[in-house]
Amino acid sequence: MQVDENGEFGLTKDLTTNIPPYAILSHTWGNDDEEVTFKDMTKGPRRTKVGYRKLRFCAEQASRDGLQHFWVDTCCIDKSNNTELSEAINSMFRWYQSAKKCYVYLSDFATNEHDTLETWEPSFRSCRWFTRGWTLQELLAPPSVEFFCSNWRKIGSKTSLEQQICEVTGIVARALKGTPLAEFTVDERMLWAKSRQTARAEDKTYCLLGIFNVYLPLIYGEGEENASLRLREEIDKRSRKHQLDGLSSDPQSLQDSSKRPKSVANRTLVVPSRTNHGVDDSKSSFRHEASDTAGMSNASMFTITHS
């Protein structure tokens, strides 16, 4: 979406090249009838909906930060279009990673000008945002993450609140500071998601695609177990490909590997079951074994979003 000189905002045309700098919102969804949808925006924003306040906040904060464009998942994706939805979920990590600013809106947490860290920290730690699956990538992917309470007061950033975030999430500081996720084991990354929840069973897996830099077609109705199995197979496939690529670039290693017993040379990565690694979002479906965050093109990032 684009903010004009009067502070009003609306959907842009499809942006496939020369993507402008933009802000992006991270939040927990309200009830379906509370959020402004893509359909609403095509007819003109529904100002009476509760979710409209989040759009207004994001537009105003982006303007204060010198940004004319912003993106919000509730209304920048046509979720009635399965092809668009699938592309969005597979691209979501990169969209957050490419944002200049990520604003985290904590709807169940309020502060006032007299509050100090000591007084509001316990409430901050118990925010629902920390329990949702989709918000894991929204925390890890963007280089700049700022936290705002329900009355729009900024309380800190991913950097200034690093200790609290690490203790609440179990994520190590290196990951918050941008260390490539491929440098963390599969087990470590699965552990970060273990206690998080999603509204739909399959989303417990789909919300991890960016965390492992894999791409999967969405099959709602397949169930959590089948979705998790497909994710494990894709992670294993990528791991074997990286191993072979490493060997092919080192002739000596390739020669040495051919002399090893097949039981060793053909060993593949065993990924733990995802059944007990619940993760989030509520309402919708979105959102590395890899330092490769380029993946799909920027064109796909905004072609379907009209943001």
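What the table shows:
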item: In segment 225-244, the residues that are hydrophobic (A, V, I, L, M, F, W, C) and either buried (at least 18 other Cβ atoms within 10 Å of the Cβ) or not in a helix (DSSP H, G or I) (or both); result: Ala227, Leu231, Ile235
item: Within segment 107-129, tally of residues that are surrounded by fewer than 20 Cβ atoms within 10 Å (Cβ to Cβ) and under 27 Å from Pro21 (Cα atoms); result: 1
item: All positions within segment 171-221 that are within 20 Å of Trp29 (Cα to Cα) and either assigned to a strand (DSSP E or B) or hydroxyl-bearing (Ser, Thr, Tyr) (or both); result: Ser195, Gln197, Thr198, Thr205, Tyr206, Tyr220
item: Qualifying residue in segment 61-71 (condition: surrounded by fewer than 24 Cβ atoms within 10 Å (Cβ to Cβ), part of a loop (DSSP other than H, G, I, E, B) and polar (S, T, N, Q)); result: yes
item: Among the residues listed as Leu55, Leu15, Leu25, the single one being of a type outside the set (S, T, N, Q), part of a helix (DSSP H, G or I) and within 22 Å of the chain's Cα centre (by Cα); result: Leu55
item: Selection from segment 101-128 of residues that are in contact with a Leu (Cβ under 6 Å, 6 or more places away or on another chain) and within 21 Å of Cys75 (Cβ to Cβ); result: Tyr103
item: Condition met for Arg260 (at pLDDT below 95 and surrounded by fewer than 17 Cβ atoms within 10 Å (Cβ to Cβ)); result: yes
item: Test: residue in segment 72-84 that is in contact with a helix residue (DSSP H, G or I) (Cβ under 7 Å, 6 or more places away or on another chain) and over 26 Å from Gly7 (Cβ atoms); result: yes
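The values are calculated or read from the model by the stated rules, or taken from the named source; none is laboratory data. Keep in mind the model is a prediction, meaning the values are calculated, not measured. Every residue, glycine as well, gets a Cβ built from its backbone with ideal geometry; the counts of neighbours run over all protein chains shown.
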